[in-house]
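Heads up, the thing below is written out as structure tokens.
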């Protein structure tokens with residue numbers, strides 16, 4: 001009846017957007033109360049309403065996608081904490097390397113010229129400390145030859161010095177320390 005008056009095929013919907021189907025229940029006066037809101041829409045636009053209904057299912061899908069994104073974010077957070085732990089381990093290793101470097105600098109510092117000891121080095125036979133470069137120690141001995149015996153500049157004990165042999169790896173480490181010092185000082 002409505003379709004005939006409007007000239008377009010229409011569909012009747014209630015206030016919730018549900019289609020009112022023709023049946024015995026919809027033919028009586030009790031169904032068509034004056035407070036009931038009824039909407040007539042063209043059948044062609046009913047497809048757009050179905051799209052709106054699909055959006056709610058899309059929202060359900062998007063909530064599952066949202067849960068997946070949250071789980072991915074949690075995994076990324078765990079990975080980030082692992083990376084931070086590894087970075088802290090690397091930093092502590094670098095600090096240990098710096099500590100070892102400063103220790104080697106102090107041990108192999110020539111007490112005569114105050115530079116890095118050039119191997120072979122001289123070591124005191126009494127205090128067993130590395131005195132310095134053999135060349136510097138011999139020059140110091142010649143300059144301070146008041147006695148016939150060698151006197152250690154560190155402990156002042158008389159005796160001879162021992163030679164610390166050239167160990168290739170140690171020599172390379174000392175050379176690299178000297179090279180790093182030159183780079184840091186801008187020379």
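The values are calculated or read from the model by the stated rules, or taken from the named source; none is laboratory data. What you see is a predicted model, and the numbers here were worked out from it, not measured in a lab. We place every Cβ from the backbone using ideal geometry, glycine too, and count neighbours over all the protein chains shown.
In summary, residue 128 fulfils each of the numbered conditions (1) surrounded by 13 or more Cβ atoms within 10 Å (Cβ to Cβ); (2) modelled with pLDDT of 85 or more with the single exception of condition (1). Any residue at all in the range 144-164 that's surrounded by 17 or more Cβ atoms within 10 Å (Cβ to Cβ), at pLDDT below 80 and not in a helix (DSSP H, G or I)? Looking for residues that are surrounded by 17 or more Cβ atoms within 10 Å (Cβ to Cβ), at pLDDT below 80 and not in a helix (DSSP H, G or I), one finds at least one in the range 144-164, hence yes. Does residue 11 satisfy being assigned to a strand (DSSP E or B), more than 57 Å from the chain's Cα centre (by Cα) and either at pLDDT 75 or above or exposed (fewer than 11 other Cβ atoms within 10 Å of the Cβ) (or both)? Yes, satisfied. Pull up the range 129-163, narrow it to residues that are free of Cβ contacts under 8 Å to residues at least 24 places away in the same chain and under 51 Å from the mean Cα position of the chain (by Cα), then point me to the one that is farthest from residue 104 (Cα to Cα). Only one residue fits best here, namely 135.
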